[in-house]
Amino acid sequence: MNNDVIITCAVTGSGDTAHKHPDLPKTPEEIATAAIDAAKAGAAVAHIHVRDPETGAPSRRIDLFCEVVDRIRDSDTDVIVNLTTGIGGDLWLGPDDDPLNLAAETDCVGQMERLAHVEAARPAVVRVGHVFVIGFVVELPQERQFGPSGRAGHRLE
């Protein structure tokens, strides 16, 4: 039996957690710094959710994901970057007599929108639902192989 331990740290938590702690990282710089600090403390994987820098609400903004990933990569910290794809996958059905009258908490978008930041930032690991995809390679047209930073991301092959 393998008893090796792999520590994963999600420094922002998931969902709308900004109100739960005053020091929860919200900006890309704060999130990247927290992930780097977690790696220095022993985490092997940084599971990244981004936040609206003003409100702390969960966000799907590609530029925020790319900034966090670029900051972590630029730090030369030995940590596996794992981007969430969970945001946009919350479907809350209505009451039994009207289940298609979706609840206000519903945040449900198509799979391509839920993966747009992955295409741009090119993390080493992605969690899609309850499945981790490691070392994925997606063949993209040349003009779509680089994120907003103009840098190619690294990936495991």
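The values are calculated or read from the model by the stated rules, or taken from the named source; none is laboratory data. Small disclaimer: the values here were computed from a predicted structure and weren't measured. Positions of Cβ are backbone-derived with ideal geometry, glycine not excepted, and every protein chain shown enters the neighbour counts.
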**Fill in**
Restricted to region 88-139 and to residues being farther than 22 Å from V50 by Cβ and modelled with pLDDT under 70, the residue surrounded by the fewest Cβ atoms within 10 Å (Cβ to Cβ) is E139
**Asked** Going by the structure shown, is V45 out of contact with any Leu (no Cβ under 9 Å at 6 or more places or on another chain) and at pLDDT below 85?
**Response** no
**Request:** Quickly run through region 44-71 and pick out the residues that are assigned to a helix (DSSP H, G or I) and more than 14 Å from H117 (Cβ to Cβ).
**Result:** R71
**Request:** Within region 1-13, track down each residue that is among the small types (G, A, S) and either surrounded by fewer than 17 Cβ atoms within 10 Å (Cβ to Cβ) or modelled with pLDDT of 95 or more (or both).
**Result:** G13
**Prompt:** What number goes with the only condition from (1) outside any loop (DSSP other than H, G, I, E, B); (2) more than 19 Å from V118 (Cβ to Cβ) that A35 does not pass?
**Reply:** (2)
**Request:** Go through region 56-103 and give me each residue that's within 14 Å of the chain's Cα centre (by Cα) and of a type in the set (S, T, N, Q).
**Result:** S59, N82, T84, T85
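Return the only residue of R51, R61 being crowded, with 18+ Cβ neighbours inside 10 Å, of a type in the set (K, R) and at negative phi. Can you show your working first?
Values: R61 fails: crowded, with 18+ Cβ neighbours inside 10 Å.
Selected residue: R51, the only one of R51, R61 that is crowded, with 18+ Cβ neighbours inside 10 Å, of a type in the set (K, R) and at negative phi.
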**Prompt:** Counting only residues that are part of a loop (DSSP other than H, G, I, E, B) and at pLDDT below 85, which one in region 14-29 is surrounded by the fewest Cβ atoms within 10 Å (Cβ to Cβ)?
**Reply:** P22
**Asked** Would a scan of region 9-24 turn up a residue that is touching a helix residue (DSSP H, G or I) at 6+ places or on another chain (Cβ under 7 Å) and over 24 Å from A124 (Cβ atoms)?
**Response** yes
